[in-house]
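The values are calculated or read from the model by the stated rules, or taken from the named source; none is laboratory data. Keep in mind the model is a prediction, meaning the values are calculated, not measured. Counting neighbours? That spans all protein chains shown, and the Cβs are built from the backbone with ideal geometry, glycine included. Surface accessibility is based on the protein's heavy atoms, side chains included, excluding ligands, DNA and RNA. Shrake-Rupley method; radii C 1.70, N 1.55, O 1.52, S 1.80 Å.
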Amino acid sequence: MVEKPQAHKNIPVLPWMRKPVDIIDFKETPLHLLPSLDSRLNKALKNVHISSLFPVQVAVWQETIGPGAFERDLCVNSPTGSGKTLAYTLPIVQMLANHSVKCLRALVVLPTRDLAVQVKKVFDDIAPAVGLAVGLAVGQSSLVDEISALIQTPKLEAGCCYDPEDYGNKSRSAVDILVATPGRLMDHINTTKGFTLEHLRYLVVDETDRLLGEAYQSWLPTVLKCACSSDEMLAPCAEAFPPSFCGSFKTIRRFGVERGFKDKAYPRLVKMLFSATLTRNPSKLSLLDLHHPVFLTTGESRYAFPEKLEFFKVICESSDKALYLLALLEKLRGEKCIVFTSCKKMTHRLCSLLKSFGNLQMRIKGYSSCQHQAVRSKTLNAFRKGEVEVLVSSDNLSRGTDVEAVSNVIIYDVPRYVKAYLHRAGRTARAFQIGRCFTLLLRDEMKKFNSLQRKAEISSTVFPLPAESIQSLQAGYTSAFDKLKESVESEESRKRRINFKTARSHKAKAVKPTNV
Ligand SMILES: Nc1ncnc2c1ncn2[C@@H]1O[C@H](COP(=O)(O)OP(=O)(O)OP(=O)(O)O)[C@@H](O)[C@H]1O
């Protein structure tokens, strides 16, 4: 393996990040040439039409199952849509394939519920083939239902008396692998009887930069504390927490030797980090207490985009930006598109405008954090099935979401940061397919956009929209815009009325005499 020096020496990075393994040196490999692949997994992969592994998957396989054999923690930075999910699910499932006793050995943490559901599906494609059960802790169902899916309690026999304490201690994990969001994971750690991380061997932090960017009730130090024995626990942040930090939950990591590391008698907790924009911030990475980490990245650029992604820009005036979007959507009719806006308010307004434009016969839906989770999941499913052609969203959908056959991403509002641009653009051209990213640009945004392109090391060409196609939409657009104005005004006056009523009732309560 050739270890290439990193190009960006001016960015302060940890020493091990300066000598990455380049994923470009790995080639797509047919399953039958993959060393040591369990034949049951080979079959399961073929059942879901996977006949070869992508380069990042081969690179991770080499570090985990091959000569590297999980000796070091892994930090993987690989473009959007390059197959990072299977890169970690496959080695974990292969490693756990021969365990007959059920206990929670692998934990995957993701920032959102939809992403966790998506990753669980990838595990579900392969894990049952080797007898492994996969659980989901995301708050999709009630806590009680979730607990009964995750924890096995001993069957009670009629006529016998049970000590409730003893009964609770006999509860054990019903799953080998758990995919979770941080909030629900913390609920189980703090309150679920029988839920334990003491057997944990693999911890995956997917979308690492996003998860490390937000504290989410200190989920990371808690997980590390619960999963590592007290003498192994080295995370610097752990000392900041009092002994009662994990509530009634205590972890004594067992000394059952499955695979010793160096002179240690217990299996090490292997940590794997994955992102298309992996953080290089030493203080953030230090929170993970990584063990001789190996850094796998693609090429020498700080930001790598999918190979077959093409970039276009549409230049317009602020007064008719939405009109240009309409003309562009007309042009892309019949192809799946995601339109990215700057915020949920914009998503809502743009979506209303597009819907009230009568001539555009396309199924358009909005996806935003204003909506209930069930509504969002339903919308996403409809988009996956092709029942919705255009999805309008803010950054809620930009990370990790994998929808097949999205041909175009349209960036309606230019984001400030390259990372945000990269994740949005990466919803297309996935799995080495072709895709197009269009950016709508006002003239005075050109300078800012050029600087973003320089940082991202990409360039875009102007996408021509003929003047006639714009003019033909003008009348319909003006009437849709008027309708939108009316609905925004009525919505705002309704909000004002509600606020006024609420304030009046608060005031009335405040002056009510207390006669107790
Ligand atoms: N070996 C493979 N053969 C065929 N398709 C694959 C293979 N591996 C992954 N895919 C498909 O590629 C798509 C992208 O994979 P995945 O979602 O894991 O990408 P990712 O690198 O995690 O992207 P992001 O950074 O956006 O989260 C998925 O639809 C997946 O089914």
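Observations on the structure shown:
- Selection from Tyr324, Thr401, Leu440 lying farthest towards where the dipole of region 309-490 points positive, charges on Cβ: Thr401
- Subtracting the Cα-Cα distance of Gln471 and Ala215 from 0.36 nm times their residue separation leaves 87.2 nm of extension gain.
- The charge dipole of region 39-139, taken about the Cα centre with unit charges on the Cβ atoms of Lys, Arg (+1) and Asp, Glu (-1), comes to about 260 debye, rounded to the nearest 20.
- Mean separation of Cα contacts under 8 Å (6+ apart) over length of region 308-410, as relative contact order %: 37 percent
- Listed residue (Tyr477, Cys337, Pro466) projecting farthest to the positive dipole end of region 309-490, Cβ model: Cys337
- Each label point was placed 7 Å from the Cα along the Cα-to-Cβ direction; for Glu307 and Phe481 their separation is 4.4 nm.
- Centre-to-centre separation between the Cα atoms of region 278-336 and those of region 383-401: 15 Å.
- Assigned charges on the beta-carbon of Lys, Arg, Asp, Glu; region 306-384 dipole about Cα centre (debye): 420 debye
- Surface accessible to a 1.4 Å probe, per residue, for the residues of region 329-464, Å²: 46 Å²
- Signed unit charges on C-beta, dipole axis of region 23-162, positive-most listed residue Pro55, Ala106, Ala127: Ala127
- Förster radius 41 Å - calculated FRET efficiency between Gln152 and Leu31 (Cβ-Cβ, nearest 0.05): 0.75
- Where trypsin sites (Lys or Arg not before Pro) fall in DSSP loop in region 8-80, at most 13 other Cβ within 10 Å: Lys9, Lys27
- Under the criterion of Cα pairs below 8 Å and six or more residues apart, the relative contact order for region 309-490 equals 35 percent.
- Those trypsin sites (Lys or Arg not before Pro) in region 317-380 that DSSP places in a loop and that have at most 15 other beta carbons within 10 Å: Arg333, Arg363
- Site pair Ser342 and Lys385 shows an inter-label distance of 3.6 nm when each label is modelled 7 Å from Cα along Cα→Cβ.
- Take the Cα of Ile315, step 7 Å toward its Cβ, do the same at Tyr417, and the gap between the two points is 2.9 nm.
- Assigned charges on the beta-carbon of Lys, Arg, Asp, Glu; region 309-490 dipole about Cα centre (debye): 620 debye
- Too-long pairs where the Cα-Cα distance tops 32 Å, listed order kept, from Lys27/Lys447; Lys27/Lys336; Lys121/Lys271: Lys27/Lys447
- Ranking by accessible area, most exposed first, for His99, His292 with a 1.4 Å probe: His292, His99
- Just the protein heavy atoms count here, and of the accessible area of region 309-490 at 1.4 Å, carbon and sulfur take up 51 percent.
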